[in-house]
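The values are calculated or read from the model by the stated rules, or taken from the named source; none is laboratory data. Bear in mind the structure is a predicted one, so any value in this text is a computation, not a measurement. Positions of Cβ are generated from backbone atoms using ideal geometry, with glycine treated the same way; all protein chains shown enter the neighbour counts. When the accessible area is computed, the model is the full protein with side chains, heavy atoms only, and any ligands, DNA or RNA have been set aside. Shrake-Rupley method; radii C 1.70, N 1.55, O 1.52, S 1.80 Å.
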Amino acid sequence: MKGCDSMKRDLDLIRDILLIIEDKSIPGSPLRNSEFEKLNTNLETFFYHLQLLADAGFIEANLQEGCTGFLAFQVFRLTNDGCEYLDSVRDPKIYESIKKKTASLANSVSLEIVKQIGTSLILTKLNL
């Protein structure tokens, strides 16, 4: 994949991809490219983020990268870990609070930290 070394993880894109997968997944039927068109990103960036999500164990997917730059994917579903992460960032107000809390760190926050902050905010909202 061209430029993969210079790509940076985009937490907004990760959240958006997970929301689409959750909304559009049908058991036994992989999602089509058209399901992700509204993301407003190029194929290389999208594919890179699918790879990150698969690496994290958040999605079940078949990702293929050819030597000529060919990128193919089938996304099947969210895993339990993907659902747990998405639950911690799903609420737009909570997600905005996470982004405000981590803004000074300039995208140097792991997915696990984002999840922990979201979970903490949810627990605070529930008075737990």
*Just one of the numbered conditions (1) surrounded by 17 or more Cβ atoms within 10 Å (Cβ to Cβ); (2) touching a Gly at 6+ places or on another chain (Cβ under 7 Å); (3) of a type outside the set (V, I, T) is not true of E44; which one?*
(1)
*Taking F73 as the residue in question, decide whether it is under 12 Å from the mean Cα position of the chain (by Cα) and more than 30 Å from L121 (Cβ to Cβ).*
no
*Mind checking which residues of segment 75-128 are without any contact (Cβ under 8 Å) to a residue 12 or more places away in the chain, of a type in the set (K, R) and within 13 Å of A56 (Cβ to Cβ)?*
none
*Can you find a residue in segment 42-65 that is among the polar types (S, T, N, Q) and within 23 Å of L105 (Cα to Cα)?*
yes
*Go through segment 10-52 and give me each residue that's of a type outside the set (G, A, S) and within 15 Å of C83 (Cβ to Cβ).*
I14, R15, I17, L18, L19, I20, I21, E22, D23, K24, P27
*What residue, of E60, E35, E44, E22, is free of Cβ contacts under 8 Å to residues at least 60 places away in the same chain and in contact with a Cys (Cβ under 9 Å, 6 or more places away or on another chain)?*
E44
*Kindly indicate whether any position in segment 23-37 is among the polar types (S, T, N, Q), more than 12 Å from the chain's Cα centre (by Cα), closer than 24 Å to T119 by Cβ and open to solvent by 80 Å² or more (accessible area, probe 1.4 Å).*
no
